[in-house]
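Structure record follows, encoded as structure tokens.
The values are calculated or read from the model by the stated rules, or taken from the named source; none is laboratory data. Predicted, not measured: the structure shown is a model, and the values here were computed from it. Quick reminder, even Gly has a Cβ in these numbers, built from the backbone with ideal geometry, and neighbours come from all protein chains shown. Accessible surface is based on the protein model in full, side chains and every heavy atom, while ligands, DNA and RNA are left aside. Shrake-Rupley method; radii C 1.70, N 1.55, O 1.52, S 1.80 Å.
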Amino acid sequence: MIELRTPAEIDEMRAAGRFVASTLVALRDAADVGVNLLSLDRLAADLIKKAGAVSSYVDYHPSFGAMPFGKVLCTSVNDAALHGLPFDYRLKDGDLVSLDFAASVNGWVADSALSIIVGTPNTADQHLIDTTELALAAGIAAAQPGARMGDVSAAIGEISHAAGFSVNTDFGGHGVGRTMHGDPHVPNDGRPGRGLPIRPGLVFAIEPWLMQGTDKIFTDPDGWTLRSLDGSRAAHSEHTIAVTEDGPIVLTARD
Ligand code: MG
């Protein structure tokens, strides 16, 4: 079911958006060569506790997960594309890390992700990250009242294909509200002019993710982490947005 939020509800959702944004900034600043993924997860858990927020991940147990997630942060390193389960690993020079974080504040969820390179950046990795960010910006710009969800999908797909990447549409954006994953599904490729009409009050996450050499993934033996089939690196960018009469607002904007 697709629920439209009132302007007052969207105002209430801003607190979750700000918290998720500030936590991702803290995590991005903390991520460095030699830092353990488990300490990034602990930092996120500490910030959740301090803010009185609630993790959307720790008890998360959908059909595609082998067991409850058990952590509060997704850390996807190098060939890990999505849902990276933090484990005892110290980041190495040149690692490409995607941090995906969702939490609720006052009962409303926000969900956002970013990718960074720790230590010495590699041009191809930076191009991959830049493309997901451009695709995210194009998707947000297309989320105008009166447009259709296919316009958002097509905008993401167009940027991705133009940069030379193929797109996996198994996982994409989603409605966000009292829970992390709701309708509608927002595929990362599609045809303009098709799909759900975008109306004021629609709140959803847009999350392009790309892999350098493939659009195929497999699940790591940890039961959660999705890796590129060919071992090539992946990047992921996500924001939660609210559509208003005046256009989209990025609830998880980082200043
Ligand atoms: Mg997310």
| task | Restricting things to alpha carbons, tell me how big the stretch 7-250 is in terms of Rg and Dmax, in Å. | result | 16.8, 48
| request: Work out how far the C-alpha atoms of the stretch 142-194 reach from end to end along every principal axis, then list the three figures in whole Å, largest first. | output: 37, 25, 14
| remark: About its Cα centre, the chain carries a charge dipole, from +1 on Lys and Arg Cβ atoms and -1 on Asp and Glu Cβ atoms, whose size in debye to the nearest 20 is 300 debye
| Which helices, counted as full DSSP H runs in the chain, have an axial Cα extent of no less than 24 Å and a Kyte-Doolittle average of 0.0 or above? | 7-30, 123-142
| query | For Ala234, what charge total do you get from the other residues with a beta carbon under 9 Å from its beta carbon, if Lys and Arg give +1 and Asp and Glu give -1? | reply | +1
| request: Give the range of the longest stretch in the chain that excludes all trypsin sites (Lys or Arg not before Pro) found in loop regions by DSSP and having at most 13 other beta-carbon atoms within 10 Å. | output: 1-91
| field | Within the chain, helix-based [θ] at 222 nm, where runs of 4 or more DSSP H residues each add -39,500 (n - 2.57), nearest 500 | value | -9500 deg cm²/dmol
| Percent of C-alpha pairs per 10 Å bin, the stretch 152-255, short to long | 14, 42, 33, 11, 1
| Using the heavy atoms of the protein chains alone and a 1.4 angstrom probe, what is the accessible area of the chain per residue in square angstrom? | 42 Å²
| Cut-off of 10 Å, at most 16 other beta carbons, DSSP loop: longest stretch of the chain lacking such GluC sites (Glu not before Pro) | 4-244
| Over the chain, what percent of the accessible surface lies on carbon and sulfur atoms, probe 1.4 Å? | 53 percent
| task | Taking chymotrypsin sites (Phe, Trp or Tyr not before Pro) as candidate sites, keep only those in a DSSP loop with at most 16 other Cβ atoms within 10 Å, then name the longest stretch of the chain containing none of them. | result | 90-255
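Relative contact order of the chain, please, whole-number percent, based on alpha carbon pairs below 8 angstrom and at least 6 residues apart.
On the way: 656 pairs, mean separation 60.9, N = 255.
Once divided by the residue count of the chain, the mean separation gives 24 percent.
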